[in-house]
C-alpha cells in the first residue's frame, strides 16, 4: 500500500469519501425502479459532440452524453518507435481525471482505464485503414472529465474517438459509434411504460441506477454506414432471443448517434474550411 | 445540480454544459500559407523576431499584451467544486474533491490540501503518456508553495473533530489544450474552483468513530488570501513578453512569474525568475520591476473576471 | 465541376463520379464489395480514370519515398549524418515527441567522387539540410540522399555563429568574418 509517489504532491495515506446520513422517506426508493420518468425506454439521452477544439492536436473531439464528459485528441500519423511494422499502430489511452467519478480516483491506484483502453482499441481498429500507414502510429488520448458507469464511458469514448480521428483527416473505413442497452426483469412496481411482454424490459442508454438494477447489458460498437459491428461486449445473463433483441435495439440507436456524429463532423469540416478551396478550383 | 455560473450564460438547462461553450469559442485560425508555416518551423527565432520588430506577437496581440481569459464554474457534477479556464487557447479544468482523513499526530487540528497539476499527453504533441513529467511536477510544487504561503485554505478550517477527522481537499488540475503559460491559467482555475466548492456539513460520531455528512446542508470553504499569478518570458534579452504561448516558450530562456495578492495593495506571494533576467540596457531589477507593474494591472483584470464568474 | 457535397468516411461516392469506364480509387477513398466509399472527410473529385476525396490539406503528412524533406543535422559520424526532419514536400511535418529521423549515408551525399566524401566536410551539427527520401529505411530512420545539385545544406551557421552564404557547391562563407567553411551546398533557389 505504501506507494510513495515523489512525482506528485503528497496526500495522506488513507482518506475516505464522505459518508452521508441515511435517506429518510420513500421518495428516493421509487426512483430506483426499472421504469423511467424522464424519457421512454427507447430514448437515448441527448448527445453533444464537437470536433476540433484542442488545437494543439491533429484532430480532437469533445462529447457529453448522459453522465459522461470526455475530451479526446488524436496525434498522428507519428513516427513509430522500432520495431518496424508494415502496418500502422493504434496507441490508445483512456485516462480519468481524478475528479471524474465518485469516489475520487487516486492516480496510480486506478487500474480501470487499462481494460477500457484495450476494449476501445479493439472496437476502433476495424474502423481504421492501418495498412496505409507503414512505420507510423496514431495516438489517441481520451480524458474522462465526468463519468457514471464504465459502459457509458466506453460507448461515448468510441463515438468521440471516431470523431477525433476523422477530424484529424486519418483514413477510416467508416465512422464507429457506441451504443448501450440494458435488460431488467420486470418488477411488480406498476410502471405504465412497461410493454405487455412478460419477459424483461430493455432500456436504451441506461443511466447509472438503471444499469445497476439490470440483469445484463450489451455495448455494441458499430459502423452504421457499412452496417457492420466492430465490437460486442456483453455482460450478465439473458436468453438468446433477448440478447438478439438487445443488440438489435443498440444497432437501431447507433444510426441516430451516427447522424449526430455526421452532423458535428460536417460542422467541424466547415470550420476548418475543408472543401471550400477545392470548390473554387 | 448542474448549476453553472458563467460570464455569458446562454444555453438552457437541457443544453450542453458550459465546458462545451467554453471550448467552442476556440479560435480556429485561418490556415496560413504553406511557406510561412515552413519558415515558422525552420526558423522559429527569426519568425518571432520579425513579429516583435513590428510591435506584434505571432498570435496578433501587441508585444506587451495578454490573452483573453474566461472562466466557468460548476460544470463537473462529480466534483465538489470545479472550473474551466481558457487563457487564449490554453484550456484548464480544475476539480475539487473532498475526502475525510485522520489528522496527523503533529497537527491534530489541521486538515490537508493536496494540489496537483497534470499535463497529460492529450493536451500537447510534446508530452508523453505516463506519470507527470518535469514541467507538471514543477507546477504542482509551485502551486503547493503558493497555497501554503498565502494560506488560501487555512488548514485549521478543515477540522471536523480534533485528532479524529478532518477534510482532505484534493485539488486536481488537468490541462486539456496546452498553448503555453499553463501555470497562470492553473492558478486562476484553482481559485475559481475553490470559490465554487461546497462541502457537506460533517459531524464526527464519537460512538461509531465515523464521520457522517448531511445530505442537505452544505457550506463554502473558508478561504484566506486569493493570489493570482502572471508569467513573462524574455526574448533575446530585448523583449519582455507577458503570457507566452507554446510556440514562444522554447525561445524564452528567462522566465519570470509574479503572484500577487489582494486587490489594492500589491502583496507578493511568489516571485520566481529562471535565467539571467535583465535586458539590453536594463538591469535585472528594473525588468523585474516592469514585470511587477504589468502584473499588478493584469491581476486586477483577472480578479474582475474571477469575481464575475463566481458570483454569476 | 466539383460542387458535390462533403462526404464522410464510409459514405459512397456519388453515382455520377463512378460511371463507366470504372475509375480507380485514388487517395481518400477505397473499394468495398464493389462499391467506392470515402475514407476521409472531404469533397470527391474525378480526374480521368482516378477518383479521390480531397480532405484536410495538412493532415497525414508523413515522408514518403521520393519526398523532398528539410531537417536539422542532429548527429554526425564518419559513415552517416542523422537528420531530424521538420518538413516534407514544403509542408511542415506534425509536431511530435517522437521525431521523424532520416539518415544520409556516406555514399548518398553527392553524385560524383562518392568514395572521397568526408562527412565532416559536408555537414556540421545544426545545419539545415534539404534531401530526398530514398526509402522508408530501417526501423528507426528514413534513408535520405543529397546527391543532386539542388540538395544539401540550405542554411548553416559558421563556427563563429554567423550565417554562412554559399560560395560554390563545396564552400560557404561567413558573411561577417569572411572565413570559408566546407559543406555539401545545395544550389540556392532561383539561380
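Readers should treat all values here as calculations from the given coordinates under stated rules, not as data from a laboratory. As the structure is a computational prediction, the values presented were derived from the model and not from experiment.
Using the alpha-carbon atoms, what tilt in degrees (0 to 90, nearest 10) does helix A:240-272 show relative to the longest principal axis of chain A? For A:240-272 against chain A, the angle is about 40 degrees. The relative contact order of the stretch C:68-182, computed from alpha carbon pairs under 8 Å that lie at least 6 residues apart in sequence, is 22 percent. Please label the shape of chain A as rounded, prolate or oblate, based on the square roots a ≥ b ≥ c of the eigenvalues of the alpha-carbon gyration tensor (a/c under 1.5 means rounded; beyond that, a/b larger than b/c means prolate, else oblate). Taking the square roots of the gyration eigenvalues as a ≥ b ≥ c, chain A is oblate. Counting only DSSP beta bridges with both residues in chain B, the antiparallel share comes to about 90 percent.
The Cα center of the stretch A:36-74 and the Cα center of the stretch C:102-174 differ in position by 49 Å.
Here the relative contact order of the stretch C:15-54, from alpha carbon pairs under 8 Å that lie six or more residues apart, stands at 43 percent.
Using C-alpha pairs below 8 Å separated by at least 6 residues, the relative contact order for chain B is 18 percent.
How far is helix A:150-167 tilted off the main Cα axis of chain A, in degrees rounded to 10, range 0 to 90? Roughly 20 degrees, rounded to the nearest 10. For the stretch B:44-311, count all C-alpha to C-alpha pairs, find those more than 34 Å apart, and express that count as a whole percent of the total. The calculated P(r) of the stretch B:44-311 puts 23 percent of pairs beyond 34 Å. Quick note on the protein assembly as shown: its Rg to Rh ratio, both from C-alpha atoms and Rh being the Kirkwood radius, is 1.00.
Take the Cα coordinates of the stretch C:15-54, assign each an equal point scatterer, and use the Debye formula without solvent to give log10 I(q)/I(0) at q = 0.25, 0.27 Å⁻¹. Ignoring solvent entirely, the Cα scatterers give -0.77, -0.90.
Between the Cα long axis of helix B:182-196 and the first principal axis of chain B there is an angle of about 30°, rounded to the nearest 10.
For chain B, modelled as a GNM whose springs connect Cα atoms under 10 angstrom apart, the maximal fluctuation among B:205, B:179, B:145 occurs at B:205.
Mean-square fluctuations from a GNM of chain A, with a 10 angstrom spring cutoff on Cα atoms, peak among A:255, A:45, A:78 at A:78. Helical content alone sets the calculated 222 nm signal of chain B at -9000 deg cm²/dmol, taking -39,500 (n - 2.57) per DSSP H segment of four or more residues and averaging over every residue.
Which residue, B:175, B:123, B:230, tops the fluctuation ranking in a GNM of chain B built on C-alpha contacts under 10 Å? Per the Cα network of chain B with a 10 Å cutoff, B:123 tops the list.
As a test, work out the antiparallel percent of DSSP beta bridges whose residues both lie in chain C, rounded to the nearest 5. Just about 90 percent of them are antiparallel.
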